[in-house]
Amino acid sequence: MNPSSSSSSNRRKSTVSNKTDATRARIERMEVEREERRKEMTQKKQSRKAESAKLLAAGNPGDVDFIGMVEEWRAEQASKQIKSNKKSSTNSNIVVAVRKRPMSEKERKKLDHDSVSCYHPKVWIHSAKFKVDGITKYLTHTGFQLDHAFGEESTTDQIYLATTMPLVDHVIHTKGRATVFCYGQTGSGKTHTMSGIQQILAHDLYEELKDHGANTEIKLAFFELYGGFIQDLLHDRKRCKLLEDGKGEVNITGLQEVSAPTADSFLQVIENGHSQRTTRTTEANDTSSRSHAICQVFLRDSDSGKLKGKLTLVDLAGSERGSDTKSHNSQRRSESAEINTSLLSLKECIRALGQKNAHVPYRGSKLTLILKDCFSPDSKTTMIAMVSPGASATDHSLNTLRYADRIKEQRITSSTKKTERGGSKVNVCVEPSQQRLTRIAAALDWVRNTQTYSEQITNPLNCVSSEQGIHLNQTQTHSTERLFERDQIETVDYKAHDGILEEEIEQEVQEVEEVETPKCANLKKSPPSREEEAEMRKTVQVLFELEESLLDQHITNIKDNAEMLRQEDALLQKIEQVSEPTDDEMDNYAIQLADFLDRKEALIMSLQTKLDDYKIYSAREQQLAEEMNRLEAF
Ligand SMILES: Nc1ncnc2c1ncn2[C@@H]1O[C@H](COP(=O)(O)OP(=O)(O)OP(=O)(O)O)[C@@H](O)[C@H]1O
């Protein structure tokens, strides 16, 4: 062998052996690192398991990571004093509040977790999400600022003080009209809250009338609107008829008022009514109310019977999203569609009430037609939006809060607005006496001892409320005293877009000058025809369905796109790993890519079609509303 070639072969051997050593060392290092990672993972797994067991023992089950993220967020909020720069505009004729109920036994069993935080007057929904990789978890926090936000620790007397007591004063002192609505997903606590309010009202109203309501008697009507029919809950569910006379007065013929001379008789009448309500099981609540329950409290002159004020308490039927009704039979589906149409129409009427001189489209549904007099310019309205706390309900909770937020936006403050009757001020802001506060707190004790009607009937969700004596969360208090400091509280208005929070200074709300109705002596009053009304109702119904279907399609698109992105990524990685792909491999790649593009195109087309349909009906609804407005103006 040639000596030079032998030395080069030795060099090669030594290089190879050096390389092998280096590779071996690298492999060993990798093994050590892998082992360390494994240990770390095992430790993490064990600590997650321990944390999960701890949460379970504390009655707070659910996904440890998401719960941890929510807690972290809450801790941050607690340390961050949100500075405020604008007063809460509660001197409007519309007040919007939210109440979060406690977690239920059913939700705990499903290992759901609490994903709603209330920091008066804001409420936050923490939506649990996964990144495109399908593994990485994250939260989006969507915030809404309403007039009041009540956490699960809040008691019904606090809610009564903030939402109903001002309306009682309005009704007594100005002989006005006022309405309280409870709105929300089925099972979110509407009936629970409404029956609590009714019980406290019984104790408060009669005492107030002793001082301020000489010669006044109280009469009650309690009925439900179910499947388009009005049924008198105080008279064996007798069917009543809704009639509108030539002057536009709406009457419910056959509905009988019942006298309630004392607080006890008031409570008895209400209890009788509750026991007659139509309930049916929904996916969200075992004893769901599928009807709107309307309780009218009339203050009448004892001698003449003339109306001296009216308070209406409306426990709305539970709202359901289109996707909730998939397993329903056709009757249940049309029931849900009817409920949703009336809720949509109600929102539009309250919004119109908040905007001076706007057309109130009360003909949009039977519910709003019945409540026509609640939308008179001198009336006051409170909407209490109820939310379930569970992460599985976040979509519904977001919907409920968007509904509430839409009612709140654009409203005008009305401290100087004149009433139709005698020019008295709409806003009667009477600071409650200590005696009254004590009385209301005592009424809560009474509620605690007797339990609310919904619980007397059944409590399938087994929520534990602070009314039952258990304090739940110190950080989310909404104390009674704070309710009366609200004018001194400065706030920040937040608007959230998919979890990105934007701080916005609310636009100055200007008092709109009174606009005189045009005097057209030659034009005869011609209310909208039945056909126009029917078309309006149908349009509103279709619009609602399109709204739902558009949202559902958008969610589907996002989910499908995310899944496709994951698959596309895998496809790309696969082809890139091959240094020189064969023709077959390239063809296969191209076929799959074309398939992705087709699927994407189909998704975009579906969304675009839904969006176009929605735009057409939305424009038609606007046009019809304007036409009806014009007809009614003359
Ligand atoms: N704040 C609360 N504290 C304790 N329990 C509550 C509270 N809110 C609601 N619950 C309980 O949750 C369950 C569902 O509440 P409720 O029947 O009031 O819901 P809902 O919104 O009226 O439902 P639906 O629209 O389906 O009739 C009931 O068992 C009720 O007792």
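The values are calculated or read from the model by the stated rules, or taken from the named source; none is laboratory data. What you see is a predicted model; the values in this text were computed from it and never measured. Neighbour counts are summed over all protein chains in view; Cβ atoms, including those assigned to glycine, are modelled from backbone coordinates with ideal geometry. We work out accessible area using only protein heavy atoms, side chains counted, and drop any ligands, DNA or RNA first. Shrake-Rupley method; radii C 1.70, N 1.55, O 1.52, S 1.80 Å.
Here are a few things to note about the model shown:
- In the range 147-161, residue nearest to the ligand (Cβ to nearest atom) [restricted to those that are in contact with a Phe, Trp or Tyr (Cβ under 9 Å, 6 or more places away or on another chain) and among the small types (Gly, Ala, Ser)]: Gly151
- Among the conditions (1) open to solvent by 20 Å² or more (accessible area, probe 1.4 Å); (2) at pLDDT 90 or above; (3) within 16 Å of the ligand (Cβ to nearest atom), the only one that Leu367 does not satisfy is (1).
- Any hit, the range 162-175, residues being within 22 Å of Cys349 (Cβ to Cβ) and within 16 Å of the ligand (Cβ to nearest atom): yes
- Residues that are open to solvent by 10 Å² or more (accessible area, probe 1.4 Å) and either of a type in the set (D, E, K, R) or more than 16 Å from the ligand (Cβ to nearest atom) (or both), drawn from the range 371-402: Lys372, Asp373, Phe375, Ser376, Pro377, Lys380, Ala391, Thr394, Asp395, Leu398, Arg402
- Taking the range 78-101 as the range and being closer than 14 Å to Thr381 by Cβ and modelled with pLDDT of 80 or more as the test, the residues that pass are Asn93, Ile94, Val95, Val96, Ala97.
- Residue tally, condition under 20 Å from Tyr138 (Cβ atoms), modelled with pLDDT under 75 and charged (D, E, K, R), over the range 52-67: 0
- Pairing each residue of the range 582-596 that is within 16 Å of Ala570 (Cβ to Cβ) with any residue that is surrounded by 12 or more Cβ atoms within 10 Å (Cβ to Cβ), provided the two are 6+ apart or on different chains, yields C-beta distances under 6 Å for Tyr589/Ile575; Gln592/Leu571; Phe596/Met564; Phe596/Glu568.
- Residues within the range 176-217 that are within 14 Å of the ligand (Cβ to nearest atom), of a type in the set (S, T, N, Q) and open to solvent by 10 Å² or more (accessible area, probe 1.4 Å), tallied: 2
- Per this entry, Gln46 is counted among residues that are assigned to a helix (DSSP H, G or I), modelled with pLDDT under 80 and among the polar types (S, T, N, Q).
- Residue within the range 122-136 that is assigned to a loop (DSSP other than H, G, I, E, B), outside the structural domain of Ser392 (by TED's automatic domain parsing), crowded, with 19+ Cβ neighbours inside 10 Å and not charged (D, E, K, R) present: no
- Applying the criterion of at least 2 residues that are at pLDDT 85 or above and among the hydroxyl-bearing types (Ser, Thr, Tyr) to the strands (runs of 3 or more DSSP E) found wholly in the range 203-295 leaves 216-226.
- Residue match in the range 155-169 (condition: more than 20 Å from Val96 (Cβ to Cβ) and of a type outside the set (Ser, Thr, Tyr)): no
- Within the range 98-121, tally of residues that are of a type in the set (Ser, Thr, Tyr) and surrounded by fewer than 18 Cβ atoms within 10 Å (Cβ to Cβ): 0
- Any hit, the range 133-150, residues being more than 28 Å from Lys54 (Cβ to Cβ) and either polar (S, T, N, Q) or without any contact (Cβ under 8 Å) to a residue 40 or more places away in the chain (or both): yes
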